[in-house]
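Data block below; observations after.
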């Protein structure tokens with residue numbers, strides 16, 4: 001025996017906004033972005049430390065250098081690429097220099113510019129760590145399921161809108 005139509009709708013909100021999470025408030029979206037970033041960063045950083053004796057920040061600097069022309073970049077370029085302050089990238093590069101993974105060089109035409117260049121040991125370390133990083137990130141992001149393209153596109157738009165203008 002079919003239920004009366006009003007009985008089927010009983011308890012089901014007519015407005016999707018009344019369903020928790022259907023239309024999240026900006027503060028909830030912000031909280032989720034921060035939580036996901038913090039948790040993924042912590043997991044990946046821990047794995048890189050354990051398996052490669054390398055911080056996530058150090059890995060990111062090495063990867064940027066590996067992908068730069070001539071495997072070298074200025075401190076300013078690295079800071080922009082990695083999202084660190086110049087002091088933060090200098091501190092990271094100092095550690096990488098001490099480990100023999102990076103060399104410091106003066107710029108070609110402008111001797112005031114300081115560049116970082118990947119060493120052969122740095123190249124080996126980033127190649128080894130890349131598999132750990134990429135596999136773990138890919139695994140964690142599978143939780144996005146079919147929403148991955150939508151989330152990626154939305155975050156790219158927000159990122160573009162917040163980019164510092166010079």
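Taken together, the values in this text are just the output of simple stated rules run on the coordinates, not laboratory data. Note that this is a predicted model, so its numbers are computed, not measured. Every residue, glycine as well, gets a Cβ built from its backbone with ideal geometry; the counts of neighbours run over all protein chains shown.
Between residue 94 and residue 163, 0.36 nm times their residue separation minus their Cα-Cα distance comes to what? Could you put the intermediate results ahead of the total?
Values: separation 69, 0.36 × 69 = 24.84 nm, distance 2.73 nm.
Extending this stretch completely gives an extra 22.1 nm.
Does region 52-166 classify as rounded, prolate or oblate by the C-alpha gyration tensor (a ≥ b ≥ c root eigenvalues; a/c under 1.5 gives rounded; else a/b over b/c gives prolate, otherwise oblate)?
Working: a/c = 2.58, a/b = 1.41, b/c = 1.83.
Oblate, since a/c reaches 1.5 and b/c is not below a/b.
Take 48, 78 and order them by how many other Cβ atoms sit within 10 Å, fewest up front.
Numbers: 48 21, 78 25.
Ranking 48, 78 by Cβ neighbours within 10 Å, fewest first, gives 48, 78.
Tell me the relative contact order for region 50-166 as a rounded percent, counting alpha carbon contacts under 8 Å between residues six or more apart.
Details: 102 pairs, mean separation 27.9, N = 117.
Relative CO of region 50-166 lands at 24 percent.
For region 22-90, what's the relative contact order in percent, using C-alpha pairs closer than 8 Å and at least 6 residues apart?
Numbers: 32 pairs, mean separation 11.5, N = 69.
Dividing the mean separation by the residue count of region 22-90 yields 17 percent.
Label point 7 Å out from residue 37 along Cα-to-Cβ: which residues of region 81-97 have amide N under 17 Å?
81-86, 88-89
Which residues does a label at residue 123 reach in region 70-109, if reach means a backbone N under 15 Å from a point 7 Å past the Cα toward the Cβ?
The answer is 70-73, 101-103, whose backbone nitrogens lie closer than 15 Å to the label point.
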